[in-house]
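Here is the structure we will look at, set down as structure tokens.
The values are calculated or read from the model by the stated rules, or taken from the named source; none is laboratory data. It should be emphasised that the depicted structure is a prediction, and the values quoted were computed from it without experimental measurement. Cβ sites come from the backbone with ideal geometry, for glycine too, and all protein chains shown count toward neighbours.
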Amino acid sequence: MKKGYLAAAFAVCIILLSSCGSNPGQTETSNVPAAPSKPTGDVIYKRSCVSCHQSNGEGLPNVYPPLAKSDFITDKEKTIGQVIKGYTGEMVVNGKKYNSTMPAQQLNDDEVAAVLTYVYSNFGNGGTSVTAGEVTAARAKLQ
């Protein structure tokens, strides 16, 4: 009788060990790393824009214009072009003159759309969104 119990216990142990960590319906994952996620508008802003336009979008008085409540960014296509090509020369933003250079940003269309959507959605700019398609179209006109 002891042999019967011992054989049954052994069989149960084998079954338990062989099913350890397995979950029916769950597929195994490979060791391939996931594709990196696209950076969000706020991440791009912090990386590319904050040094001049500041974290609050107010810019630096008499040096870099504000993006906060900016009347200069009302023309979306022109604003997209400025991010892509940069801007040099005098400009008037919210009634104040600025004369500095904004270098062209090395961003793809998705990144330009994300950062401008972030700018338009923050700093009191009304929440306009920018799509990658709009950026692609604006970029084509700049060629």
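Some points to look at:
- Residues of region 37-62 satisfying the condition of being over 19 Å from Ala104 (Cβ atoms) and assigned to a loop (DSSP other than H, G, I, E, B): Ser37, Lys38, Thr40, Gln54, Ser55, Asn56, Gly57, Glu58, Pro61, Asn62
- Failed item in (1) among the charged types (D, E, K, R); (2) over 15 Å from Ser48 (Cβ atoms); (3) in contact (Cβ under 8 Å) with a residue 12 or more places away in the chain, with Glu111 passing the rest: (2)
- Residue within region 112-119 that is part of a loop (DSSP other than H, G, I, E, B), among the hydrophobic types (A, V, I, L, M, F, W, C) and either touching a His at 6+ places or on another chain (Cβ under 6 Å) or under 27 Å from Pro39 (Cα atoms) (or both) present: no
- Checked against the criterion of being modelled with pLDDT under 95 and surrounded by fewer than 17 Cβ atoms within 10 Å (Cβ to Cβ), region 105-117 has no qualifying residue.
- Against the list (1) assigned to a loop (DSSP other than H, G, I, E, B); (2) on the phi < 0 side of the Ramachandran plot; (3) surrounded by 17 or more Cβ atoms within 10 Å (Cβ to Cβ), the condition Phe123 fails is (2).
- Taken as a whole, the structure leaves Lys97 outside the set of residues that are closer than 21 Å to Ala138 by Cα and charged (D, E, K, R).
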